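K.L.:
Dropping a structure here in structure tokens format, bear with me for questions.
The values are calculated or read from the model by the stated rules, or taken from the named source; none is laboratory data. The shown structure was predicted, so the numbers you read here are calculated from the model rather than taken from an experiment. Positions of Cβ are generated from backbone atoms using ideal geometry, with glycine treated the same way; all protein chains shown enter the neighbour counts. For accessibility, only protein heavy atoms count, side chains too; no ligands or nucleic acids. Shrake-Rupley method; radii C 1.70, N 1.55, O 1.52, S 1.80 Å.
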Amino acid sequence: MATETRKEDGQWAPAPGQSSPPVTVPGDPTPQDIAQDKLYRQLGLTDAEYQRVAAELGRLPNYVEAGIFGVLWSEHCSYKSSKPYLKHFPTTGPQVLQGPGENAGIVDLGDGTAVAFKMESHNHPSAIEPYQGAATGVGGILRDIFTMGARPIAFLDSLRFGPLSEPHTRYLFANVVAGIGGYGNCVGIPTVGGEAVFHSAYTANPLVNAMCVGVLPAAGIVKGQASGVGNPVFVIGARTGRDGIHGATFASAEDPHAKERSAVQVGDPFLGKLLMEASLELIATGAVVGIQDMGAAGLTSSAAEMASRAGGGIEMFLDRVPVRETHMTPYEMMLSESQERMLVVLERGKEDLALTTLHKWGLEIAEIGRVTNDGQLRLWFHDTKVGEMPVRLLVDEAPVYNRPVQASPPLWLPQTAQAENAQFPAESSEGVPESEAAVEQRALTLASPEQWLLRLLADPSIADKSWVFRQYDTTVRASTLVGPGGDAAVVKVSGSRKGVALCTDGNGRYVALNPRRGGAIAVAEAARNLSCVGAKPLALTDCLNFGNPENPGVMYQFAEATAGMTEACQILNTPVVSGNVSFYNQSYGQDILPTPVVGMVGVVDSLDKVVGGAFTCQGAVVVVFGPQDTSLRGSLLANEAVGFPWGDAPALRLEMEASVQSLVRALVDRRLVQAVHDVSEGGLAVTLAEMCIAGGVGLTVALSEPVSSPLGWLYSEGQSRVVAQVSREDLEVVEQLAVAADVPMIVLGETGTPDMTMGDPAEVWWHLPVAQLQQVYREALPKAMATVDGPLPAEFPVRQSDRGERQDLLRVSDEDGRRDLKTGKNQGVRS
Amino acid sequence: MSNYVAKVQVQLKASVFDPQGHAVEQALHSLGHGGVRRVRMGKSMEVHLEAADEQSATAQVRQMCETVLCNPVMETFSFTLEIEKNGDEVDPVGQLAEIAQGRQNRT
Amino acid sequence: MKWAVVVFPGSNCDEDAVLAVTQVTGDSVDKVWYTQRDLSGYDAVILPGGFSYGDYLRSGAIARFSPVLAGVQEMATAGKLVLGICNGFQVLTEAGLLPGALLRNDHLQFRCEMTPLEVMSNASPFLADYKIGEVIQVPIAHGEGRYYADEQTLDQLVASNRVGVRYLRNPNGSLRNIAGVLNEAGNVFGLMPHPERAVADWMGSSDGRRVFLSMKRFVESQPVTRKGDEKVASLGDRTQTVEVGQSHGN
């Protein structure tokens, strides 16, 4: 029988006629072993999936192939649980130049300039090694942007952690923040925004979602495609090592390299920066046919996805891959997750351009394969075929599961939250309060309205995040108009008179209580935040962070939350152009709060009209637009009073939301508002206090009508509400515009005095110096973090016992099947 | 020519405040290691080099330290030099490749 | 006036410096790749911020061996203007063109924020347009900006008016609150804060503009004589560095 071999002239070609099956790499288990001993389970394949692979191939896959199917059919790469829901997202619109499916989505700013953006999760790597986990997350999303031909201009990071009272959470948080800065600062892209939210549901499973935004000429989009038969395929950047390879192979105990290996990938931001500059320069030469980051599943996913998008095939000669370690096997090369590597397809004949550019930047480049038209991913190693799989089967026809979905919402049960909220242990064990009045009563016995204000301002989820942001370079590139801390960041776009407004939002508490409305609120709030600075929302990217999809309750959350997002996207005209799903997020065996995070991009036509969220002067009128709301359902105050998310998601009517946003944008555009800030976590009271704090300007609110439920009036998180500072002269025209837009508007009070005073005719709720509010708000996070100020060696301050415990937790809380392999042999989680 | 490995240690000068060392020292105290009097962090590097003899290797490493590896404004250095053992590492993949080749030729 | 902005592998404020100079002075600015040795056509060179060579080993430690540093040294010797910002300051101290060293911030964190600086000396071409004692707002963004030199050097710097700017709120543990220092001749200036990020009101401050305007005024007030081939010390030669260091009491 003829084996396909390398021709003497250095060209490779399949043997004519019937192709022979790939060999088993000596040392690898044989196909029969894999079948008999069910070794495929360790590679992430279920019995049914493995049988399907064998049936479609018409033979048993060898070890390399089984490994490749394992990663590409993992939840992470195939979206097999989420696909049926993601397809409902609106993904098109006149502004959309590139929707989902590429490395990043792209929208048009309207003047020949386009914006590429995407957000991605790095939750589990960050739980294992927070500094490197976060840093490599930033590096990965950066490469997704510049591979589209876009010059990255900004990062945002959406973070969720457990309570900072836990030493281990402080360790994770401090190092994640340092890691984000460590990579982003070095590559010279400003981190301009994001959020940090703290809740016990994230204790063992923090969420680290990084978003990158880049700018490119609308006509200059580059895709991750391997097209043009015969075109050469190159790997550029770092050498391939064994980092991130699924350590738990069947023989790992005997493996001589095992103790040298680590599931932790280490980022090299310096190399990442060189790779970015070199890639952009290379793309500018016009020689690039397609380019893609080697992210999760490295060479495997980049090659298969690029071939899939082009509808063709690709063959690679693995002994030509530059390696960092000796004796690497084809399996290891295909599955390595070494960072800072890219796969590039060049136009045949233009290789020299690439060589010149890469040598200028001191980067390594190696030709490792070529584009074919036979639809196969074919792998060679030392002239021997070691793998051959249809690309279609690997990518396009990967399994899709319609997982069981619970018919009704899972209750957020009290026992879920008993461990949390040491503040009110007695209350939280009493059970779920039934009425809103009972919650308000309980809250009032705990603290007065004034004490609640101070308490909420000091809550790390609300308090000033300067402790975080000052560790990020927020002003490099000298284009940051509005940095972190406001409703949205605003970044100037070079080569355009316009700017982009950017934000991330997503409230897990709301989604837990009402997945559909919570999903809609994530979109609505992001769009509202952009509108508050005067930007028109264009499109969004998302990170859908959920628990175990094999839990029907989690699938209910996922189905409903994505449905809610879809509704909001349609009404607010913000299609989804890119995104990422992260399942298997669990903490102490409990699924996390379902947390879809939305990253949204808007366009600012006139940068000189951008408005901030700080009161700017005394004697101005303060108004609130939008529906009145006094319900504490879903509020942070209710969570604090009861001990867990309580009630329902706050009220939201999408039509009203759209009207309010459109009114606010019109007011900013006509310069009729001097400061704007939306009502969100902590309600109206916190919004007003934040505006006082930011501006160092006081406020007097003396309501003319008594309020029946002061706490509800102050701390309701009812949606679609925006506070604005308006000059006396403009008040009348603003009122007229609000009436015309059919948006309710209430005059709250007037800025001035060094104090913030609030009350109704019955009672003055508080009279506090703004300086005191500033102090409480600004000192909370530094105080909470005082014991781990700065990046520390990984071995402390975590006690040994904490670490051991954490390992166990990880084993049961893996993000997806692919990562099961990293931490243990917990294959039972896959169906 | 022989292969040497120089183990270079670079320390901040005693007069320079070492915040990392200070943080570690405090952490050790808080973990109950009350006897810890002082911690200084430094850098450790392994330089693998080829040289005619030990004297030449020492001279080369000293020059590297003086010009590049250490900044005399704030740091001091020291190093040790050893002859590097040639690893008798097994090369399973190389063998495998040969086996693969052999098998292929057989078919 | 001809400006050069050096680009090292890992520089990331080069573009910002080019934009700032162009916008503030209207002059032409060339980006100069680190392998270019000859800078004789320029009146001023800026070593920009960033992480040259990843700041691996020590910040600036590898960049100082770049061919372009020979050209920088030549300009310094010829009395032309050399401005090092952030990483550029670190490179200049590593190269021995400025005294002292920049160490990791005392709190161990990267720090980015608008920072008030006090102008200590306006005798140099870099700060001539400022008043002594004037407080200016300029952002910092660094993890290794703690200025260190021995006591004798510090005394000498202060006594000879070579501390250009100092921090009003010390953000990193710098000795004597030093944010930027000059060489003896006054034509080499290094500072950790980023004047190129403070050249327009929308940036939060335009206090940095006058650094570039002062430089331009100085150069344009000089008689037009271009010194040709001046003898330049070899940069690969560490003894040169040691001498400079020692002359400041190292």
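K.L.:
Can you tell me which condition residue B:58 does not meet? The list is (1) within 21 Å of the chain's Cα centre (by Cα); (2) assigned to a helix (DSSP H, G or I); (3) within 12 Å of chain C (Cβ to nearest Cβ), and all the others hold.
P.N.:
The single condition residue B:58 does not satisfy is (3).
K.L.:
Only one of (1) assigned to a helix (DSSP H, G or I); (2) open to solvent by 10 Å² or more (accessible area, probe 1.4 Å); (3) over 22 Å from residue A:577 (Cα atoms) fails for residue A:550. Which number is that?
P.N.:
(1)
K.L.:
With respect to residue C:4, determine if the residue is of a type in the set (Gly, Ala, Ser), modelled with pLDDT under 95 and open to solvent by less than 10 Å² (accessible area, probe 1.4 Å).
P.N.:
No, not satisfied.
K.L.:
On to the next question. Taking the stated definitions as given, is residue A:588 open to solvent by less than 10 Å² (accessible area, probe 1.4 Å) and of a type in the set (Ser, Thr, Tyr)?
P.N.:
no
K.L.:
Right, another one. Any chance you could count how many residues in the range A:176-200 are open to solvent by 10 Å² or more (accessible area, probe 1.4 Å) and on the phi < 0 side of the Ramachandran plot?
P.N.:
Count: 7.
K.L.:
While we're here: Residues in the range A:126-141: is at least one of a type in the set (Val, Ile, Thr) and either open to solvent by 10 Å² or more (accessible area, probe 1.4 Å) or on the phi > 0 side of the Ramachandran plot (or both)?
P.N.:
Checked against the condition, which is being of a type in the set (Val, Ile, Thr) and either open to solvent by 10 Å² or more (accessible area, probe 1.4 Å) or on the phi > 0 side of the Ramachandran plot (or both), the range A:126-141 yields at least one hit.
K.L.:
Could you tell me which of the residues B:26, B:20, B:55, B:9 is under 14 Å from residue B:80 (Cα atoms), free of Cβ contacts under 8 Å to residues at least 40 places away in the same chain, open to solvent by 50 Å² or more (accessible area, probe 1.4 Å) and not aliphatic (A, V, I, L, M)?
P.N.:
Selected residue: B:55, the only one of B:26, B:20, B:55, B:9 that is under 14 Å from residue B:80 (Cα atoms), free of Cβ contacts under 8 Å to residues at least 40 places away in the same chain, open to solvent by 50 Å² or more (accessible area, probe 1.4 Å) and not aliphatic (A, V, I, L, M).
So that you can scan it fast, the table gives a plain yes or no per residue for (1) open to solvent by 20 Å² or more (accessible area, probe 1.4 Å); (2) more than 19 Å from residue C:96 (Cβ to Cβ):
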residue: C:134; (1), (2): yes, yes
residue: C:154; (1), (2): no, no
residue: C:184; (1), (2): yes, no
residue: C:209; (1), (2): yes, yes
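K.L.:
Right, something else. Restricting attention to the range A:203-213, does a residue exist that is under 21 Å from residue C:11 (Cα atoms), open to solvent by less than 10 Å² (accessible area, probe 1.4 Å), touching a residue at least 40 places away in the same chain (Cβ under 8 Å) and within 17 Å of the chain's Cα centre (by Cα)?
P.N.:
There is at least one residue in the range A:203-213 that is under 21 Å from residue C:11 (Cα atoms), open to solvent by less than 10 Å² (accessible area, probe 1.4 Å), touching a residue at least 40 places away in the same chain (Cβ under 8 Å) and within 17 Å of the chain's Cα centre (by Cα).
K.L.:
Ok, one more. Among all residue pairs at least 6 apart or on different chains, which show Cβ distances below 6 Å where the first residue, located in the range A:708-723, is closer than 24 Å to residue A:663 by Cβ and the second is aromatic (Phe, Trp, Tyr)?
P.N.:
Close Cβ pairs (under 6 Å, with a partner that is aromatic (Phe, Trp, Tyr)) amount to A:722/A:625.
K.L.:
Tell me the residue from B:69, B:81 that is touching a residue at least 40 places away in the same chain (Cβ under 8 Å) and touching an Asp or Glu at 6+ places or on another chain (Cβ under 7 Å), please.
P.N.:
None of the others qualify; the one that does is B:81.
K.L.:
While we're on this one: I'd like the full set of residues that are closer than 23 Å to residue A:473 by Cβ and of a type in the set (Gly, Ala, Ser), limited to the range A:122-170.
P.N.:
A:126, A:133, A:134, A:135, A:137, A:139, A:140, A:150, A:154, A:158
K.L.:
Moving to a separate point now. I'd like to check something: does the range A:382-393 contain any residue that is under 23 Å from residue A:148 (Cβ atoms) and either away from chain B (no Cβ under 14 Å) or open to solvent by 30 Å² or more (accessible area, probe 1.4 Å) (or both)?
P.N.:
The answer is yes; a qualifying residue exists.
K.L.:
Within the range A:472-492, is even one residue away from every other protein chain (no Cβ under 13 Å), of a type in the set (A, V, I, L, M), touching a strand residue (DSSP E or B) at 6+ places or on another chain (Cβ under 9 Å) and open to solvent by less than 20 Å² (accessible area, probe 1.4 Å)?
P.N.:
Yes, that holds for at least one residue.
K.L.:
To continue, here is another question. Only one residue in A:6, A:41, A:52 is within 30 Å of the chain's Cα centre (by Cα) and either at pLDDT 95 or above or among the basic types (Lys, Arg) (or both), so which one is that?
P.N.:
Criteria check complete, one pass: A:41.
K.L.:
Just the residues that are in contact with a Gly (Cβ under 8 Å, 6 or more places away or on another chain) and closer than 10 Å to residue C:124 by Cα, please, taken from the range C:163-196.
P.N.:
Within the range C:163-196, C:164, C:182, C:185, C:187, C:188, C:189 meet the criteria.
K.L.:
Next question. Run down A:90, A:84 and say which single residue is in a loop (DSSP other than H, G, I, E, B), in contact (Cβ under 8 Å) with a residue 12 or more places away in the chain and either open to solvent by 10 Å² or more (accessible area, probe 1.4 Å) or under 24 Å from residue A:557 (Cα atoms) (or both).
P.N.:
The unique qualifying residue is A:90.
K.L.:
Could you list, in sequence order, the residues of the range A:393-424 that are outside any loop (DSSP other than H, G, I, E, B) and either of a type in the set (A, V, I, L, M) or modelled with pLDDT of 95 or more (or both)?
P.N.:
A:393, A:394, A:417
K.L.:
May I ask you to list the residues in the range A:674-693 that are farther than 19 Å from residue A:466 by Cβ, open to solvent by less than 10 Å² (accessible area, probe 1.4 Å) and not in a helix (DSSP H, G or I)?
P.N.:
Answer for the range A:674-693, where residues must be farther than 19 Å from residue A:466 by Cβ, open to solvent by less than 10 Å² (accessible area, probe 1.4 Å) and not in a helix (DSSP H, G or I): A:675, A:676, A:678, A:679.
K.L.:
Among the residues of the range A:338-367 satisfying the criterion of being in a helix (DSSP H, G or I) and β-branched (Val, Ile, Thr), which is farthest from residue A:268 (Cα to Cα)?
P.N.:
A:356
K.L.:
Now for a separate question. Looking only at strands (runs of 3 or more DSSP E) that fall completely inside the range A:716-764, which ones have 2 or more residues that are more than 20 Å from residue A:487 (Cα to Cα)?
P.N.:
A:745-751, A:755-760
K.L.:
Go through the range A:270-307 residue by residue and tally those that are open to solvent by 20 Å² or more (accessible area, probe 1.4 Å) and either among the charged types (D, E, K, R) or more than 14 Å from chain C (Cβ to nearest Cβ) (or both).
P.N.:
11
K.L.:
Here is a follow-up. Does residue A:556 fit the bill of being touching a strand residue (DSSP E or B) at 6+ places or on another chain (Cβ under 9 Å) and over 19 Å from residue A:678 (Cα atoms)?
P.N.:
no
K.L.:
Can I ask one more? Which residues, counting only those in the range A:321-333, are in contact with a helix residue (DSSP H, G or I) (Cβ under 7 Å, 6 or more places away or on another chain) and either more than 14 Å from chain B (Cβ to nearest Cβ) or part of a loop (DSSP other than H, G, I, E, B) (or both)?
P.N.:
Selection gives A:321, A:327, A:328, A:329.
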